[in-house]
Amino acid sequence: MTQAIQSQYIDTEITAESGLELLTNDEIQRLSDHTTGNDYELLKKCTLAVLNSTNITDDISFIQEQFDHFNIEILQLNKGVKLKIKNAPSGAFVDGVMIQGLKEQVFSVLRDVVFLKQELETNSRIDFNSSSGCTNAIFHILRNAKALKPGVDPNMIVCWGGHAIPHHEYEYTKEVGYRLGLRGHDIITGCGIGAMKGPMKGALVGHSKQRITKGRYIGITEPGIIAAESPNPIVNELIVMPDIEKRLETFVRMGHSFVVFPGGVGTAEEILYILGILLHPQNHNIPFPLIFTGPTESADYFKRIDQFIGKTLGPEAQSKYQIIIDDPVKVAKRVQSGVTEVREYRKKVQDAYHFNWQLHIDWDFQESFDPTHQNMASLNLHPEQPLHLLAANLRKAFSGIVAGNVKEKGIAEVKKHGPYQLDGNPDIMNELDALLKAFVEQKRMKLDYKGYVPCYQLR
């Protein structure tokens, strides 16, 4: 690696990793040719987000200010590819040398955002316009990233929760992660800070005590969110999915047990996504361990979440999860027993341990939702529909609010057209209003909670 050190930024060249070490000359040429226009802009944006992961912020303007001065060039080598990077943030380096974990994440971005995009576009068997096609495409992406490990007993624990959480909640996520690590479980999160980083950090200590040297800390992200939730440095397998819906399906296909910590609208979106899937009649008998947990101070948070679910989706939805307050050991033991249930079930029905093929996911949970003002206003937020479809529409409402809070396109939409307008059944809207107000009061919408202005209006 060579570099030219400047005061705030560094120019460097790095050689390929993350599955891009062995490429044909034709693949290298196409990779270089493909990095133009929108593809190049997306590569720059995601790479810059990775290199800024040492800066804790969810304000995308922080990265936008650096964007025009930041450049990447793909250099062709007979043995693979090299990236020439200009004006990388100096925080990504130690003594002028890029941190190894960040280097690996940069090439994961190149692999998923550019190289894999070529593969998906030219593969006639990949179809994002059907339900089975989406699932097959997700499997293809994960297999290409070498994230699927056949023949390994179930041990992947998905941890969801917010990035804007107080210190005591962060410490609790670490303790739960530690207890999971001691039991040999690997961790999947949304790869950002807060409740996404804490479980990984705790599990890393637990793995160290058990002398587990190949612990997996998988971060699942997507281009629209990566700038606001840059991958934390513990992530040793970064996977960039095409959009939020593919990202969410990846979690539920890979995970064997799910732990939800306190969070904001993004966490509410994840909760509604999984509840909507579990409420579908075809998934009634599939074991799916789902635990909501936090410290004593977070009890009111889960009381509010549970009330919202009960008033909108009813007791059947409430039966799909267990709430455990301030007991990391109990959480870990419940996760352990849940993973055993999953293993026995999949063994019985001869389903793969590494990918949940049995789970039925409706197209409403797979189709990309574009949070325009028209689409947000058109959401069916009325009870006269199957519960899983109501959950799907509520999920989309939260997804739009996430976009308006932290995603570049959503922020631009709100700036141009004003707040999103949401309309629906009065009882549902009252519950939604109460939940969103609680998120604002608890400072869960953004890291910069003092300056938060709602990007939505309820009617």
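The values are calculated or read from the model by the stated rules, or taken from the named source; none is laboratory data. Every value quoted in this text rests on a predicted model; they were computed, and no experiment measured them. A quick note on method: Cβ atoms are made from the backbone with ideal geometry, for glycine too, and the neighbour counts reach across all protein chains shown. Accessible surface areas use protein heavy atoms only, side chains included; no ligands, DNA or RNA. Shrake-Rupley method; radii C 1.70, N 1.55, O 1.52, S 1.80 Å.
With the charge dipole of the chain set up from +1 on Lys and Arg Cβ and -1 on Asp and Glu Cβ about the Cα centre, the Cα lying farthest toward the positive end among the listed residues 232, 9, 432 is that of 232.
Counting only DSSP beta bridges with both residues in the chain, the antiparallel share comes to about 45 percent.
Using heavy atoms of the protein chains and a probe of 1.4 Å, the accessible area assigned to residue 131 is about 40 Å².
Selection among 180, 99, 42 by position relative to the dipole of the chain gives 180 as farthest towards the positive end (Cβ unit charges, Cα centre).
The figure for residue 175 is an accessible area of roughly 70 square angstrom, using a 1.4 Å probe on the protein chains alone. Which net charge results for the neighbourhood of residue 234, defined as the other residues with beta-carbon distances under 9 angstrom from its beta-carbon, given Lys and Arg at +1 and Asp and Glu at -1? Combined, the nearby Lys, Arg, Asp and Glu give +2. Can you tell me the relative contact order of segment 76-209? Whole percent, Cα pairs under 8 Å, sequence separation 6 or more. Reported as a whole number, the value is 17 percent. Electrostatic tally near residue 13: other residues with Cβ closer than 13 Å to its Cβ, Lys and Arg +1, Asp and Glu -1, net +2. Of interest is the spacing of the C-alpha centroids, which for segment 363-429 and segment 291-306 amounts to 25 Å. Comparing Cα centroids, segment 241-289 and segment 316-349 end up 14 angstrom apart. For segment 55-205, the square roots a ≥ b ≥ c of the C-alpha gyration tensor eigenvalues yield an a/c of 1.5 or more together with a/b not exceeding b/c, which makes the shape oblate. Distance between the 7 Å Cα→Cβ label points at residue 84 and residue 380: 5.5 nm.
For the chain, the membrane-span-like helices by this rule, meaning whole DSSP H stretches whose C-alpha atoms cover at least 18 Å of axis and whose Kyte-Doolittle mean is 1.0 or above, are 265-278; this says nothing about an actual membrane. Among the listed values (1) 21.2; (2) 20.0; (3) 23.1, the one computed from these coordinates for mean projected area of the Cα convex hull in nm² is (1).
What net charge do the residues around residue 355 carry, taking every other residue with its C-beta under 12 Å from that of residue 355, with Lys and Arg at +1 and Asp and Glu at -1? Net of charged neighbours comes to +2.
In the chain, a dipole from Cβ-located charges (positive for Lys and Arg, negative for Asp and Glu) runs towards its positive end, and of 387, 198, 141 it is 198 whose Cα lies farthest in that direction.
When +1 charges are put on Lys and Arg Cβ atoms and -1 charges on Asp and Glu Cβ atoms, the dipole computed for the chain relative to its Cα centre reaches about 1200 debye. Rounded to the nearest 500, the helix-only mean residue ellipticity at 222 nm of the chain stands at -14000 deg cm²/dmol, with each DSSP H run of n ≥ 4 adding -39,500 (n - 2.57). Among beta bridges identified by DSSP and lying wholly in segment 79-222, the antiparallel ones come to about 25 percent. Sorting the segments 217-229, 280-292 by their residues' average number of neighbouring beta-carbon atoms within 10 angstrom, most packed first, yields 217-229, 280-292.
In terms of its C-alpha gyration tensor, segment 242-336 comes out rounded, because the ratio a/c of the largest to the smallest axis stays below 1.5.
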